[in-house]
Amino acid sequence: MKKMDLKKKVMYTLSTGLLACTFSFAPLSAPSVAEAADWGLIGNIFGTVSQAAMEYDQVRTYLLNWGNSPETQQKTLNETVEKYGLDTSVEHNERVSRVLNQLIDHGHYAMEPNSLPFRWRVINNDEWNAACYPNDFIEVNSGLLNDLHSDDALAAVMSHEMIHGLHQHMAKDAPKQVLYKYGTALLTMKADVLQATLGSYIGNYISVKNTTNLSEADADEYGFYLHCSAGFNPGGFSAMTLNMAKGDNTDRNIIKEIFTGAYNHPASQKRFEQAQQRMEEYGYNHVKVKNGTEIFIDDKHFMTAGETPELADWENAYLIAGGICKGIHDYSTVEAWGFGTPDFLSDIAYKDLKNALNDPSLSASLQTMLTNAYALDIHDNDHRSTKAKLRKAEKERNDKITKRQKEVMSAENASSYEGHFEGYTKLGLNVLAYKEAEKAYKADPNSYIQTGNMSRALNALNAEYREKHNTWNDDYTQKAIEYTDKALKICQDNSIDDTYWLYSNMAYYQMQAQNYATSNEAALKAISLKPDEKSNYRFVGYNSLMLGDKGSAVKYYSLYLNHGGDREMVPSELSNEVQANARTLEEIYDANE
């Protein structure tokens, strides 16, 4: 096989789909080889640091491109399902759908323009695991769902995985490790050898640990903030990390060892301690869990959690404590909690706390302790300073995300979202196609292409609706008309092709709305632009029939057939007259030759 340069060979490798491998949601481990190696060492392999950086950028670019394709996302999904099989439990699938949709719809995050919307499947795999691929497909193992009974803990796993996708960790981590592993051999390998070598390495790399320690820590940290911003209980992360640590050694009481400091797996211990610290800071350091089950507020014992039918005592403790932290964070006064009112702790995130407060004495005790906590935030210098510092850090994080959200929704990125729209449209995934068309339109609302694509996306949804309900959705139709009208005003004297496309669409949407005269106007304009195109003759024929003008209906259906139209599309009541007036090109030739 003819040799290729590295750029072409990497593209060839990625095009085979070799990155469709399982990721691991694993505890932090010792630094990987490439993480320990600096750029100077990799630079020595390639001759110079700048040369190494160039090769790194090539690998990273194509990893990003691979992850930015709706087609490869669908391929990854199909291959994962084929390999493991689907978990068909309605309960499992509804849980994942509920949790991920809350994170996606209500979480505060910025998605890069070269990233795809998240998709997911629950698969038949007993391992305690979930994974996010570079193309934002998330696989969730049934074993994870069997073990995590709390949606807040499940949301912790899902938000962690989402951050891997949102921060594009795979594209940042894998290239450096690949270059360190193979060095200049990548430049001399034949493409088919590179395919096997690079694919095998990255596949094995993903199956063992999908990212470096820095990226894992990043996914934990920003996953926590995403988790909380979507309204989940901040204690869910602590409960999740404790559940994960159980898998380190099933023959020992890992949970007890972690609480007593006797645990000898520093990575899992650190991960849990960081989750616990973030929960405490979310509640401005008023709430702590000690000894696994005892909950303290400002160093005063509040309660000892017990087990429930669904939760171990320590899981219950962190979800109760997390509920208190969330309330302190979200409510500025004790009165805002609404003690004694119908709305008291009505949010599902407070479910475990609310269950605990069925004991009236605990409810009264909590109210008293919260009154003291809010007073400390005002009158105690240390508490006041701590709260101000934590709120400032939170504002800076949120401002950074908001800034990035605005940056990615710029006109220069509209084409990326348009590409997603076209990809999902080809796959028949019309809900996702509409969402990406909407992003493209918001990024560039003055583009007649993006505006017109909104009407196309709505029409696809409308076609699905009609198939299910045997009627058009009036709201979809009206919005499609409005977007097409706006696109035509923007388009004006642009290319004939684009203007024709818009008038044809307008004719079709107005016909859906039974505005037959208006549909005729648009169709006739389209005919004037491209008289050899057949579809608009049929539109005028149908509209004329609906308006009671049989003569025009016969005329335009005849012209429709003359331009190669399908005879079966002619209404039966007009069939004889239309066919008498219509002749195909072949019939015209036959008559003369």
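Numbers below:
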item: Residue within region 128-139 that is open to solvent by 20 Å² or more (accessible area, probe 1.4 Å), over 28 Å from G235 (Cβ atoms), at pLDDT below 95 and among the hydroxyl-bearing types (S, T, Y) present; result: no
item: Residue tally, condition among the hydroxyl-bearing types (S, T, Y) and within 18 Å of T518 (Cα to Cα), over region 464-500; result: 6
item: Search result, residues across region 419-432 that are part of a helix (DSSP H, G or I) and over 24 Å from E407 (Cβ atoms); result: T425, K426, L427, N430, V431
item: Residue that is in contact with a Phe, Trp or Tyr (Cβ under 9 Å, 6 or more places away or on another chain) and either in the same structural domain as A463 (by the TED database) or modelled with pLDDT under 95 (or both), where the choices are L547, L585, L561; result: L561
item: Per-region count, region 151-182, residues modelled with pLDDT under 95 and farther than 22 Å from Q405 by Cα; result: 10
item: Answer from S416, S363 - the residue that is assigned to a helix (DSSP H, G or I), of a type in the set (S, T, N, Q), surrounded by 12 or more Cβ atoms within 10 Å (Cβ to Cβ) and assigned by the TED database to the domain that holds Y282; result: S363
item: Hey, E310 touching a residue at least 24 places away in the same chain (Cβ under 8 Å), under 17 Å from D151 (Cα atoms), in contact with a Ser or Thr (Cβ under 8 Å, 6 or more places away or on another chain) and in a loop (DSSP other than H, G, I, E, B) or not; result: yes
item: Given (1) open to solvent by less than 20 Å² (accessible area, probe 1.4 Å); (2) part of a strand (DSSP E or B), number of the condition L145 does not satisfy; result: (2)
item: Candidate set: region 279-303, residues that are open to solvent by 40 Å² or more (accessible area, probe 1.4 Å) and without any contact (Cβ under 8 Å) to a residue 60 or more places away in the chain; chosen: the one farthest from L366 (Cα to Cα); result: N291
item: Some residue of region 329-350 being open to solvent by less than 40 Å² (accessible area, probe 1.4 Å), closer than 23 Å to N146 by Cα and either in contact (Cβ under 8 Å) with a residue 24 or more places away in the chain or over 29 Å from the mean Cα position of the chain (by Cα) (or both); result: yes
item: Residue within region 440-449 that is under 19 Å from E71 (Cα atoms) and assigned to a loop (DSSP other than H, G, I, E, B) present; result: no
item: Residues of region 60-84 classified as closer than 19 Å to I123 by Cα and aliphatic (A, V, I, L, M), total; result: 2
item: Residues being of a type in the set (S, T, Y), open to solvent by less than 60 Å² (accessible area, probe 1.4 Å) and in the same structural domain as M303 (by the TED database) - total across region 366-409; result: 2
item: Helices (runs of 4 or more DSSP H) (entirely within region 494-559) containing at least 2 residues that are more than 27 Å from N576 (Cβ to Cβ) and open to solvent by less than 20 Å² (accessible area, probe 1.4 Å); result: 496-512, 516-529
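So that you can scan it fast, the table gives a plain yes or no per residue for (1) under 27 Å from I401 (Cα atoms); (2) within 16 Å of the chain's Cα centre (by Cα); (3) at pLDDT 95 or above; (4) assigned to a helix (DSSP H, G or I):
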site: R60; (1), (2), (3), (4): yes, no, no, yes
site: Q74; (1), (2), (3), (4): no, yes, yes, yes
site: K83; (1), (2), (3), (4): no, no, no, yes
site: R98; (1), (2), (3), (4): yes, yes, yes, yes
site: D105; (1), (2), (3), (4): yes, yes, yes, yes
site: H108; (1), (2), (3), (4): yes, yes, yes, no
site: M111; (1), (2), (3), (4): yes, yes, yes, no
site: V122; (1), (2), (3), (4): no, yes, yes, no
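The values are calculated or read from the model by the stated rules, or taken from the named source; none is laboratory data. Everything quoted here is computed from the prediction, not taken from an experiment. Heads up, the Cβs are rebuilt from the backbone with ideal geometry, glycines too, and the neighbour counts pull from every protein chain shown. Side chains are part of the model used for accessible areas, which takes the heavy atoms of the whole protein and leaves out ligands, DNA and RNA. Shrake-Rupley method; radii C 1.70, N 1.55, O 1.52, S 1.80 Å.
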